[in-house]
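A.B. asks: Have a look at this one before I ask anything.
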Amino acid sequence: INGFHGQAFTDTPRLFSGRIIEVADMALGDSGDKAIFFATLNAVMRKLGLIERTVHCRGTDAEECGLLLVQHILTRYGKVKVAHIGYQPGHVKATSAVFGKVYVTDLNPENVGKTKFGVKILDGSMNEEAIRNVDVACITGSAIVNSTLFDLLECCERYGVKYVLYGVTVKGAAKILGYDVFCPLSRDDITLP
């Protein structure tokens, strides 16, 4: 929007070009529509100066982000049991090397059942069980696009589990709702390095 960018992750990407008013109803659509809505929200809020760095990190940033996530968790919570709700390779690689017990769930059938960095990827239907067994849940911001975010946060509250929301997808919504987002290496522009 006028040179300001917003991105959101979805498993059903699509192209959209139009006016902001046309995006409003997309918040109630499928995951592809919701991704357009939240990407647009991110771009609008970036344009207004309410949030920064609304473009995904790239390349080796994901591995560096995982190391930063480990430090974030250690500093705030100590050496704890961790769940990743949404498989993010850089995060899982780093946390599985440091924390004694790491659970990972994902909705992508290509990941479910596979072992990555010594951790078996569980189906997203196991989210509650994973959360119940940990101290900290790292929740992908794309959970707002697939409509699972608020159930996940409620589950964390029910079991007394701290949570870390991560990724650019949720940045605009998190600002409105008063949630912190861990996303230290996101960017302001989409130009390639």
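No lab work stands behind these numbers, since they all come straight from the coordinates. All of these numbers come straight from a predicted model, not from anything done at the bench. Every residue, glycine as well, gets a Cβ built from its backbone with ideal geometry; the counts of neighbours run over all protein chains shown.
A.B. asks: Kindly express, to the nearest 10 degrees and within the range 0 to 90, the angle between helix 31-47's C-alpha long axis and the longest C-alpha principal axis of the chain.
C.D. replies: The angle comes out near 70 degrees.
A.B. asks: I want the antiparallel fraction of DSSP beta bridges within the range 68-127, as a percent rounded to 5.
C.D. replies: Around 20 percent of the beta bridges assigned by DSSP in the range 68-127 are antiparallel ones.
A.B. asks: Shifting gears a bit: Helix 149-159 versus the longest principal axis of the chain: what is the Cα-based angle in degrees, 0 to 90, to the nearest 10?
C.D. replies: 30 degrees
A.B. asks: Sticking with this structure for a sec: Compute, for the chain, the length of the dipole vector about the Cα centre, with Cβ point charges of +1 (Lys, Arg) and -1 (Asp, Glu) only. Units Debye, rounded to 20.
C.D. replies: The dipole of the chain has a size of about 500 debye.
A.B. asks: Moving on to the next point. Share of antiparallel DSSP beta bridges in the chain, in percent to the nearest 5?
C.D. replies: 15 percent
A.B. asks: May I ask which of 34/175; 47/175; 34/171; 101/162; 93/171; 120/175 have a Cα-Cα span longer than 21 Å here?
C.D. replies: With Cα atoms farther than 21 Å apart: 93/171; 120/175.
A.B. asks: For residue 115 and residue 47, compute 0.36 nm times the residue count separating them, minus their Cα-Cα distance, and round to one decimal in nm.
C.D. replies: 20.4 nm
A.B. asks: Continuing with the same structure: Relative contact order for the range 99-193 using alpha-carbon pairs under 8 Å, separation at least 6, rounded to a whole percent?
C.D. replies: After rounding, I find 20 percent.
A.B. asks: Here is a follow-up. If you take the charge dipole of the chain about its Cα centre, with +1 on Lys and Arg Cβ and -1 on Asp and Glu Cβ, which of 29, 56, 107 is farthest toward its positive end?
C.D. replies: Ranked along the dipole, the leading option is 56.
A.B. asks: Can you run phi through the Karplus equation (6.51, -1.76, 1.60; θ = phi - 60°) for the range 59-68 and list ³J(HN,Hα) in whole Hz, with x for Gly and Pro?
C.D. replies: x, 6, 4, 4, 5, 5, 4, x, 5, 5
A.B. asks: Residue 182's amide H: which non-local residues (gap 5+, or another chain) put their own amide H closer than 5 Å, with H modeled 1.01 Å from N in plane and none for Pro or chain starts?
C.D. replies: When sequence neighbours closer than 5 places are left aside, the close amide H contacts are 165, 166, 167.
A.B. asks: With n ≥ 4 as the cut-off for DSSP H runs, can you work out [θ] at 222 nm for the chain, using -39500 (n - 2.57) per run divided by the number of residues, rounded to the nearest 500?
C.D. replies: -11000 deg cm²/dmol
A.B. asks: May I ask you to evaluate 6.51 cos²θ - 1.76 cosθ + 1.60, the Karplus curve with θ = phi - 60°, for each residue of the range 91-105 and list the ³J(HN,Hα) values in order in whole Hz, giving x for glycine and proline?
C.D. replies: 5, 5, 4, 5, 6, 5, 7, 10, 8, x, 10, 10, 10, 9, 10
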